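Peer 1: Starting off with a structure, shown below.
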Amino acid sequence: GESVGLHLPTLSVQEGDNSIINCAYSNSASDYFIWYKQESGKGPQFIIDIRSNMDKRQGQRVTVLLNKTVKHLSLQIAATQPGDSAVYFCAESPNTGKLIFGQGTTLQVKP
Amino acid sequence: EAQVTQNPRYLITVTGKKLTVTCSQNMNHEYMSWYRQDPGLGLRQIYYSMNVEVTDKGDVPEGYKVSRKEKRNFPLILESPSPNQTSLYFCASSSYYTDRETQYFGPGTRLLVL
């Protein structure tokens, strides 16, 4: 079946370092990918997205990279801050009105 | 303020007692969806709706019903709740015709079925 997975359940980084969160997806038909951030006690919050006709997209302190050859998605966070501590989900959309989420990576930022 | 609201935020009930979790959005979004979130399983889609009177099953629809009589509301109904429906539920919405995959999530409803 369809699935989106993340490589590591937990990532611990030092404040100020860059973070890289990885995700592998399985549906070749997916043409849209999103990263969400979920803080404790809250719903997922949109961070950044990318369409399948792009390889890279940059936002404020965040960059998403898409490698369609190996079906890999990554989220890079520059100069990680304590406020970045959260669970990060990647999600794919096979253009059917559905979103398929990965299981999430918990980012822990050490002061 | 643009937002998705859910009520109640917390609910404890007993097996078999019908309940409804409400979801409302004020962004005039066409698309609305319900998810459940369980440890180790991530977010799984229960039902979604492309527009008023249009609903469709997600990945885990068993034991749930939805209705979409108005654009802003998308209630989730558990006719006969069971303990395996204990979970954290999220409602989400998006503009289907302009930016449909960018879903905005509500704060969540934590349900415990005894």
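The values are calculated or read from the model by the stated rules, or taken from the named source; none is laboratory data. Predicted model only: the values in this text are computed from it and were never measured. Cβ coordinates were reconstructed from backbone atoms using ideal geometry, including for glycine residues, and neighbour counts include every protein chain displayed.
Peer 1: Restricting to region B:63-114, and then to whatever is aliphatic (A, V, I, L, M) and within 13 Å of chain A (Cβ to nearest Cβ), can you tell me which residue is farthest from the chain's Cα centre (by Cα)?
Peer 2: B:Leu88
Peer 1: Test of understanding: among A:Ser93, A:Ser74, which residue is over 10 Å from the mean Cα position of the chain (by Cα) and either more than 14 Å from chain B (Cβ to nearest Cβ) or in contact (Cβ under 8 Å) with a residue 12 or more places away in the chain (or both)?
Peer 2: Just one listed residue meets the conditions, A:Ser93.
Results for (1) in a strand (DSSP E or B); (2) at the interface with chain B (Cβ under 9 Å from one of its Cβ atoms); (3) surrounded by 18 or more Cβ atoms within 10 Å (Cβ to Cβ); (4) modelled with pLDDT of 90 or more, shown as yes or no for each residue.
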| site | (1), (2), (3), (4) |
| --- | --- |
| A:Gly16 | no, no, no, yes |
| A:Ile21 | yes, no, yes, yes |
| A:Trp35 | yes, no, yes, yes |
| A:Gly43 | no, yes, yes, yes |
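Peer 1: Something else about it: Taking region A:86-105 as the region of interest, how many residues are in a strand (DSSP E or B) and either within 23 Å of B:Ile46 (Cβ to Cβ) or modelled with pLDDT of 95 or more (or both)?
Peer 2: 10
Peer 1: Right, another one. On the given criteria, is A:Ser52 in contact with a Phe, Trp or Tyr (Cβ under 9 Å, 6 or more places away or on another chain), within 14 Å of chain B (Cβ to nearest Cβ), surrounded by 14 or more Cβ atoms within 10 Å (Cβ to Cβ) and among the hydroxyl-bearing types (Ser, Thr, Tyr)?
Peer 2: When the stated conditions are applied, A:Ser52 passes them.
Peer 1: Moving on. Residue check, B:Lys57 against (1) at pLDDT below 95; (2) closer than 22 Å to A:Tyr36 by Cβ, all met but one. Which one?
Peer 2: (2)
Peer 1: I need a count of the residues in region B:38-50 that are more than 7 Å from chain A (Cβ to nearest Cβ) and buried (at least 21 other Cβ atoms within 10 Å of the Cβ).
Peer 2: 3
Peer 1: With A:Ser52, A:Ser28, A:Ser19, A:Ser74 as the choices, which residue is closer than 12 Å to A:Leu107 by Cβ and of a type in the set (Gly, Ala, Ser)?
Peer 2: Going through A:Ser52, A:Ser28, A:Ser19, A:Ser74 in turn, the sole match is A:Ser19.
Peer 1: Okay, next question. Considering only residues that are polar (S, T, N, Q) and at pLDDT 90 or above, which ones fall in region A:1-14?
Peer 2: If the condition is that a residue be polar (S, T, N, Q) and at pLDDT 90 or above, then A:Thr10, A:Ser12, A:Gln14 are the ones that fit.
Peer 1: So in region A:65-85, with the set limited to residues that are in a strand (DSSP E or B) and touching a Phe, Trp or Tyr at 6+ places or on another chain (Cβ under 6 Å), which one is farthest from A:Asp17 (Cα to Cα)?
Peer 2: Looking at the filtered set, the residue picked out is A:Leu73.
Peer 1: On the given criteria, is A:Ser30 buried (at least 18 other Cβ atoms within 10 Å of the Cβ), within 12 Å of chain B (Cβ to nearest Cβ) and in a loop (DSSP other than H, G, I, E, B)?
Peer 2: Against the criterion (buried (at least 18 other Cβ atoms within 10 Å of the Cβ), within 12 Å of chain B (Cβ to nearest Cβ) and in a loop (DSSP other than H, G, I, E, B)), A:Ser30 qualifies.
Peer 1: Taking A:Tyr88 and the conditions (1) under 22 Å from A:Asp17 (Cα atoms); (2) without any contact (Cβ under 8 Å) to a residue 60 or more places away in the chain; (3) hydroxyl-bearing (Ser, Thr, Tyr), which numbered condition does it fall short on, given that it satisfies the others?
Peer 2: It fails just one condition, (2).
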